[in-house]
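Bear in mind these aren't lab numbers, they're just calculated from the coordinates by the rules spelled out. Owing to the predicted nature of the structure, the values given are computational and were not obtained by experimental measurement. Cβ sites come from the backbone with ideal geometry, for glycine too, and all protein chains shown count toward neighbours.
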Amino acid sequence: MGQVSASQSLDIAAAPDAVVGALADYNEVRPAILPEQYRDYRVISGGNGDGTVVHWILQATSKRQRDVQATVSVTPDTVTERDANSTMVTTYTVAASGSGSRVTTTTTWQGAGGIGGFFEKTFAPKGLNRIQAEVLGNLKKRLES
C-alpha cells in the first residue's frame with residue numbers, strides 16, 4: 001500500500017481569514033460550494049470551526065464512492081478534515097497572495113496494494129483533482145461575488 005495524493009490550488013480575491021472562515025463554515029458555506037459528487041451531506045455536530053463533525057458520500061466515479069465522516073480541525077491558516085472511516089485526510093491551506101489568498105487543497109490516503117494500487121495511484125488523483133477544482137471554483141465565486 002502506498003500513499004495516494006491529489007492537490008489543487010486557486011487564487012481568491014479575499015483576505016486569508018475570510019477564506020479560512022468560509023471553509024470552516026459547514027452549516028452554510030460548505031453545502032453551497034460542494035459539487036454534485038457529494039451527496040447525503042449533513043452536519044453531525046458543531047457546524048462551524050474546530051471540532052465539527054460532518055458526513056457525506058463522495059461519488060468519485062460511477063463505481064467508486066466513499067462514505068466519509070470527517071472531524072474538522074482549524075488553525076489560523078488551515079482547515080483539516082480527517083475521515084473516521086478511512087485513512088483519508090483533506091487539508092485546505094490558505095496563504096496571503098497579493099491582495100488576496102492562495103488556497104491549496106490536498107487529499108491523501110493509503111491506497112491499495114498490487115495492480116489495483118497502481119491504477120488507484122495513477123487515476124484516482126486525476127478524478128479527485130477535478131472535484132477539488134470545482135470546490136475551490138465554487139468557493140471563489142461565493143467569496144468574490
Fill in the blank from the handout: Here the range 23-35 yields Karplus 3J(HN,Hα) values (6.51, -1.76, 1.60; θ = phi - 60°; whole Hz; Gly and Pro given as x) of 4, 7, 8, 8, 7, 10, 5, 4, x, 6, 9, 6, x
Fill in the blank from the handout: Going residue by residue through the range 13-22, the Karplus relation 6.51 cos²θ - 1.76 cosθ + 1.60 with θ = phi - 60° gives ³J(HN,Hα) values, rounded to whole Hz and with x marking Gly or Pro, of 7, 7, 5, x, 5, 5, 5, 4, x, 5
Exercise for the section: Starting from the range 1-106, pick out the trypsin sites (Lys or Arg not before Pro) whose DSSP state is loop and whose Cβ has at most 12 other Cβ atoms within 10 Å. Expected result: 63, 64
Problem - Whole-Å distance, taken between Cα centres, linking the range 29-60 and the range 90-106 - result: 20 Å
Exercise for the section: For the chain, just say rounded, prolate or oblate: build the C-alpha gyration tensor, square-root its eigenvalues into a ≥ b ≥ c, call rounded for a/c under 1.5, and beyond that prolate if a/b exceeds b/c, oblate if not. Expected result: prolate
Practice task
Mind telling me which of 75, 90, 108 comes out most flexible in a GNM of the chain, alpha-carbon contacts under 10 Å?
Solution key: 75
Exercise for the section: Name the longest site-free stretch of the chain, where the excluded sites are GluC sites (Glu not before Pro) in a DSSP loop with no more than 14 other beta-carbon atoms within 10 Å. Expected result: 37-145
Fill in the blank from the handout: For the range 135-145, Karplus-derived ³J(HN,Hα) couplings (6.51, -1.76, 1.60; θ = phi - 60°; whole Hz; x for glycine and proline) come out as 4, 5, x, 5, 4, 4, 4, 5, 7, 9, 8
